[in-house]
Amino acid sequence: MAALVLMWFLMAIATMLPSAAPMIRTYCEIADTARLKREPVVHPLVLVAGYLATWLAASVLFASLTMVVHRLAPTSGILEPVTGVAGAIALLVAGLYQFSALKQACLEKCRNPFSILFANWSARPARIFRLGLEQGLWCLGCCWALMLVMFAVGIMNVFWMALIGLFTLIEKQWGVGLPTRLAGAILLVWAAVLILVLA
């Protein structure tokens, strides 16, 4: 189980941390301004640690889900793609979530880190760590469903990890619009094709 959690966590770092770069850069810019005013500043790594703590907790949940899915839809290996109904359901959920109001709300928060970071600025490490946790939760709200795609293509599939990482980066820069809806439509069509094949 620990190895599975570590695999999901490494995958989360590889796919999600690049899309958090604008948030980290924004924090550094605010910190530089505060430093010029000779105000105390918490190191950016504290913010990053909070952000990653959220994804570590999510990795435990994804690892547990992996064990459940593997028992219900056994494959030749736990890292192999899940086919059949389980794979179609993963794609269907991921596709539908792309059109949800919650996805839009989380994406909006991820796209505008300045107002959140500025409004919650603090010289206390615990507060900045919590701020990182909160930003991680918004990011998780954006991307948890996309991580379900990994069940259909194979956990730790490097190509899909890179593709999802690139997409989340584009999506957070673009905002709710064509990329989000296009990805949702593709996932829904993919799920439909799998269901038709099973019929």
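Computed from the coordinates by the stated procedures, all read-outs in this text should not be read as laboratory data. Only a predicted model underlies this, so the values are computations on that prediction, with no experimental measurement involved. Cβ coordinates were reconstructed from backbone atoms using ideal geometry, including for glycine residues, and neighbour counts include every protein chain displayed.
Return the sequence-ordered ³J(HN,Hα) values of the stretch 25-32 in whole Hz as given by the Karplus equation 6.51 cos²θ - 1.76 cosθ + 1.60 applied to θ = phi - 60°, using x for Gly and Pro.
5, 4, 4, 4, 5, 5, 5, 4
What net charge do the residues around residue 110 carry, taking every other residue with its C-beta under 10 Å from that of residue 110, with Lys and Arg at +1 and Asp and Glu at -1? List each step's numbers first, then the result.
On the way: positive: 109, 111, 172; negative: 108, 171.
Charge balance in the 10 Å sphere: +1.
How large is ³J(HN,Hα) for each residue in the stretch 34-39, as worked out from phi by the Karplus curve 6.51 cos²θ - 1.76 cosθ + 1.60 (θ = phi - 60°), to whole Hz, x for Gly and Pro?
Going residue by residue, I get 5, 5, 4, 8, 6, 8 Hz, with x marking Gly and Pro.
I'd like to know which of 156, 88, 17 lies farthest towards the positive end of the charge dipole of the chain, counting +1 on Cβ of Lys and Arg and -1 on Cβ of Asp and Glu.
Result: 17.
Could you state the angle between the C-alpha long axis of helix 84-97 and the longest principal axis of the C-alpha atoms of the chain, as a value from 0 to 90 degrees rounded to the nearest 10?
Tilt of helix 84-97: around 40 degrees.
For the chain, what does the helix formula give at 222 nm: sum of -39500 (n - 2.57) over DSSP H segments with n ≥ 4, over the residue count, nearest 500 deg cm²/dmol?
On the way: 10 runs with 158 residues, N = 199.
My calculation for the chain gives -26500 deg cm²/dmol from helical runs alone.
Applying the Karplus parametrisation 6.51 cos²θ - 1.76 cosθ + 1.60 with θ = phi - 60° to the phi angles of the stretch 104-121, what ³J(HN,Hα) value in whole Hz is obtained for each residue in order, glycine and proline being reported as x?
3J(HN,Hα) across the stretch 104-121, in whole Hz: 5, 5, 5, 5, 5, 5, 5, 6, 10, x, 4, 4, 5, 5, 5, 5, 10, 4.
With axes computed from alpha carbons, what is the tilt in degrees of helix 2-16 against the longest principal axis of the chain, rounded to the nearest 10 within 0 to 90?
Taking Cα atoms only, the helix is inclined about 70 degrees.
Just to confirm the number: angle between the C-alpha axis of helix 158-174 and the first principal axis of the chain, 0 to 90 degrees, nearest 10?
The helix 158-174 is inclined about 50 degrees to the chain.
Where Lys and Arg each count +1 and Asp and Glu each count -1, what net charge lies around residue 174 among other residues with Cβ under 14 Å from its Cβ? Show your work: numbers first, answer last.
Values: positive: 103, 111, 172, 181; negative: 108, 171.
Result for the local shell: +2.
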